[in-house]
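Following: one structure in structure tokens, then a few remarks.
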Amino acid sequence: MSAETLKDTGPRPQPAPQVFSPGLGRPIAEPAARQWVGFRTLLYKEMLRFWKVAFQTIAAPVLTGVLYLLVFGQVLDKHIEAFPGVSYIAFLVPGLTMMSVLQNAFANSSSSLIQSKITGNLVFMLLPPLSNAEFFAAYVLAAIVRGLAVGLGVFAVTLWFAPSALLAMQAPLWVLVFALLGAALLGVLGLIAGIVSDKFDQLAAFQSFIVMPATFLAGVFYSVHSLPPLWQAASHANPFFYLVDGFRYGFFAQADGSPWVSLAVVLTALAVTTAAAYRMIARGTRIRN
């Protein structure tokens with residue numbers, strides 16, 4: 001037997017076992033080109049989910065926002081001037097736009113997760129090697145996209161009622177910043193609601209008793225300076241108020257408070273909710289069992 005044959009019949013080295021990171025099962029040593037495949041796939045699935053029924057998820061909320069403007073704006077436009085030199089209709093449009101962004105970002109992540117839990121297909125998101133960060137980011141980014149799409153639709157349709165005041169944005173960067181932060185915050189809150197809820201009734205209670213009141217009491221339809229002191233203090237304890245106020249500041253350079261204070265409050269709220277949601281995902285709270 002030749003030396004070459006003896007060399008070939010020797011023990012072959014075994015591949016090193018993969019070491020898995022804590023989370024949903026992503027191996028640490030993985031080619032860079034394949035690391036984001038799961039994230040992109042889940043994000044595409046979440047985007048396709050609401051886009052396939054865009055008439056319900058985008059067109060219907062835009063129509064709701066227009067109806068709010070027609071009812072409140074046409075009735076109160078001659079009687080209320082929330083800010084000096086700003087008509088009530090122009091004042092109302094940013095508030096309705098932000099309200100649409102918040103409600104639809106929340107609805108997207110929360111309804112998607114609760115549907116997956118109830119129908120039993122959540123297991124197909126847990127079996128692939130998705131990290132906690134990918135799972136979290138895919139749901140939240142899809143919620144941001146839907147929230148911004150609906151908000152842009154509401155703004156585009158309602159722009160016709162006060163074009164000169166709304167197109168002359170005083171600080172467009174603030175508009176973009178608060179729109180993104182608002183959609184992100186409600187996307188994370190929707191993810192939390194979907195995690196802690198086991199059926200649609202629980203999710204509906206979360207939306208009806210927390211999200212909806214907080215949105216309507218955030219100064220969408222009025223300036224908080226017109227409220228009694230007690231309700232002004234209550235409004236300033238509502239994080240949604242700072243989203244609406246900072247967003248509106250970008251249009252008129254007028255607001256009920258400083259945009260920097262609003263930014264600090266919103267970033268704090270986003271950090272707290274992100275930490276809570278990420279911890280729930282890492283622990284598998286009501287997801288793996």
To check my understanding: the extent here is largest minus smallest coordinate of the Cα atoms along each principal axis. What are those three numbers for the chain, in Å, largest first? 103, 39, 36
Efficiency of FRET from Cβ geometry, Gln115 and Gln56, R₀ 22 Å, rounded to 0.05: 0.95
So, by mean Cβ neighbours within 10 angstrom, what's the order for 82-93, 274-285 with the highest one leading? 82-93, 274-285
In square nanometres, what is one fourth of the surface area of the convex hull spanned by the alpha carbons of segment 111-169? 5.8 nm²
Dipole axis of segment 97-253 (+1 Lys, Arg; -1 Asp, Glu on Cβ), positive-most option in Leu102, Ala234, Leu189: Leu102
Measure off 7 Å from each Cα along the Cα-to-Cβ vector at Ala233 and Arg279, then give the distance between these two points in nanometres to one decimal. 2.9 nm
Rg(Cα) / (2.2 N^0.38 Å) computed for segment 40-148, rounded to two decimals: 1.40
Please list the equivalent ellipsoid semi-axes of segment 220-289, computed as the square roots of five times the alpha-carbon gyration tensor eigenvalues, in descending order and whole angstrom. 32, 14, 9
What is the extension gain from Ala205 to Ala271, computed as 0.36 nm multiplied by their sequence separation minus the C-alpha to C-alpha distance, in nm to one decimal? 21.3 nm
Given Cβ charges of +1 for Lys and Arg and -1 for Asp and Glu, the option among Ser87, Pro61, Ala156 whose Cα lies farthest towards the positive end of the dipole of the chain is Pro61
Treating only the Cβ atoms of Lys and Arg (+1) and Asp and Glu (-1) as charged, compute the dipole magnitude of the chain about its Cα centre; round to the nearest 20 debye. 740 debye
Rounded, prolate or oblate (a/c below 1.5 giving rounded, otherwise prolate when a/b exceeds b/c) for segment 104-217 by Cα gyration tensor: prolate
Shape descriptor, segment 179-249: equivalent ellipsoid semi-axes (Cα gyration tensor, sqrt 5λ, whole Å, largest first) stand at 25, 15, 8
Dipole of segment 69-200, Cα-centred, from +1 at each Lys and Arg C-beta and -1 at each Asp and Glu C-beta, to the nearest 20 debye? 160 debye
Roughly what would the spin-label model give for Leu70 and Ala156, points 7 Å off Cα along C-beta, in nm? 1.9 nm
Compute from the Cα atoms of segment 159-289 the Rg and the Dmax, the latter being the longest Cα-Cα distance, and quote both in angstrom. 16.7, 55
Positive end of the charge dipole of the chain (Lys, Arg +1 and Asp, Glu -1 on Cβ, about the Cα centre): tell me which of Phe252, Val75, Ala218 has its Cα farthest that way. Ala218
Find the Rg to Rh ratio for segment 85-147, where Rh is the Kirkwood radius over alpha-carbon pairs and Rg uses the same atoms. 1.22
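Here, each number is a calculation from the coordinates, and none is a lab measurement. This one's a predicted model, so the numbers in the text were calculated from it and none came from an experiment. No Cβ is skipped: glycine too gets one built from the backbone with ideal geometry, and neighbour counts run over all protein chains shown.
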